[in-house]
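To start, the structure under review is shown below, and the notes come after it.
The values are calculated or read from the model by the stated rules, or taken from the named source; none is laboratory data. Worth saying up front: this structure is predicted, and the values here are computed from it rather than measured. Cβ placement follows ideal geometry from the backbone for every residue including glycine, while neighbour counts extend to all protein chains displayed.
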Amino acid sequence: MRASIAKMSSAFVPVSLLCLSLLTIVPSPADAGFPDKLIKIVVPFAAGGSLDVVARPLADFLSKDLGKAVIIENKPGAASIVGTEAVARSAPDGYTLLLTSTPFVTNPSIRASLPFDTFKAFAPVALVARYFDIVVVSSKLPFKSVQDVIAYAKANPNKLNFGSPGIGTSQHLAGELFKSMAHVDMIHVPYKGTAPAITDLLSGQIQIMFSTVPGAAPFIQGGQLRALAITSVQRSTAFPDLPTVAEADLPGFVVEGWYGLLAPAGTPAEIINLLNASVEKAIRSSAFKTIEANDGLTFAPGTPEDFGRYLQSEAARWRDVVKDAHVQAQ
């Protein structure tokens, strides 16, 4: 009997050890061959917008760095909500990501409800870039400075129309903050992107715009638009002769937008950290240094946790502006 039991025990020991061995070598998600298929980055805005400045180069770099194709899918609609919801409902496996901007943190303040919880449905991956806007007017208008605009607006309430690529964008909120701080009344005209807004600015349908640099730069260089100031905290090497709005006439005025990468909530930390490291390599590359110099962007590598804190601070900052300006979704 004892011999039989001993024989049975010796037979079971290797199996137990094998099970333990298998448990100890189960790879983490990031070590399990991620990525082993195509990665899709959803941009919740129309193709050709300002986000394309970083979206396409980022996808190209990540493709090479990660060894698998990374593609951009533009999914516009409802002030970025359509594309954002699509990612929120995606599997949290790192293969569907969201590259978005300021409306991500302003929509909760502007809309009564959203089909997702902004700060619970997503996991921050990386802050890709921050950017300033540039105050531009048609060169046909007599305005030569921010002071000229403010003086005219005070003397002619609601005679100036300012355009933006949509409600809740940094360009829209820059205009609302400008109105509040300068104590002037201007009418906001939202568009479905920067390009149609610029078109109407050139034709005189609107008179002023807080534009992204890529959207306005060709027309500034061509003489059709006149740049008056930038919205950053300090002057930019891209436009060294332009004052900041704060310098020009509104001390304390600072507005910046941002582009950032997020994943569905529940995505494994190993995958998020791998993607964050790849984004950091991208924005340190020579291609992105060229973008930084030409388009007025600032690339500052940071952790996913850094990006999460930044999102929370931006949401809090704009909440008051939205409330004071009575901004609501149309």
Exercise. Consider only pairs whose beta carbons are under 8 Å apart and that are at least six residues apart or on different chains; among these, list those whose first residue lies in segment 233-257 and is within 24 Å of Ile167 (Cα to Cα) and whose second residue is assigned to a strand (DSSP E or B) and aliphatic (A, V, I, L, M).
Key: Thr244/Ala229; Thr244/Ile230; Val245/Val135; Val245/Ala229; Val245/Ile230
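A quick yes/no check of all residues on (1) buried (at least 18 other Cβ atoms within 10 Å of the Cβ); (2) touching a strand residue (DSSP E or B) at 6+ places or on another chain (Cβ under 8 Å); (3) among the aliphatic types (A, V, I, L, M):
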| position | (1), (2), (3) |
| --- | --- |
| Gln207 | yes, yes, no |
| Ser211 | yes, yes, no |
| Gly215 | yes, no, no |
| Leu225 | yes, yes, yes |
| Ser232 | yes, yes, no |
| Val245 | yes, yes, yes |
| Ala263 | yes, yes, yes |
| Thr298 | no, yes, no |
Quiz item: Any idea which of (1) modelled with pLDDT of 95 or more; (2) surrounded by fewer than 18 Cβ atoms within 10 Å (Cβ to Cβ); (3) not polar (S, T, N, Q) is the one Arg317 doesn't satisfy?
Solution: (1)
Quiz item: Among the residues of segment 77-93, how many are modelled with pLDDT of 95 or more and of a type in the set (Gly, Ala, Ser)?
Solution: 5
Quiz item: Just checking, which of Thr303, Thr237 is of a type in the set (Ser, Thr, Tyr) and within 28 Å of Ile41 (Cα to Cα)?
Solution: Thr303
Quiz item: Any residue in segment 161-181 that is assigned to a helix (DSSP H, G or I), farther than 25 Å from Ala315 by Cα and among the polar types (S, T, N, Q)?
Solution: no
Quiz item: Is at least one residue of segment 67-76 surrounded by 21 or more Cβ atoms within 10 Å (Cβ to Cβ) and either assigned to a loop (DSSP other than H, G, I, E, B) or out of contact with any helix residue (DSSP H, G or I) (no Cβ under 8 Å at 6 or more places or on another chain) (or both)?
Solution: no
Quiz item: Which of the residues spanning segment 46-66 are out of contact with any Leu (no Cβ under 8 Å at 6 or more places or on another chain) and in a loop (DSSP other than H, G, I, E, B)?
Solution: Ala46, Ala47, Gly48, Gly49, Ser50
Exercise. Could you look through segment 49-96, keep only residues that are of a type in the set (Val, Ile, Thr) and touching a residue at least 40 places away in the same chain (Cβ under 8 Å), and pick out the one that is farthest from Ser164 (Cα to Cα)?
Key: Thr96
Quiz prompt | Conditions (1) modelled with pLDDT of 95 or more; (2) farther than 14 Å from Ala325 by Cβ; (3) surrounded by fewer than 17 Cβ atoms within 10 Å (Cβ to Cβ); number of the one not met by Ala195 | solution = (1)
Quiz prompt | Count - residues of segment 108-152 that are closer than 20 Å to Val327 by Cβ and buried (at least 23 other Cβ atoms within 10 Å of the Cβ) | solution = 2
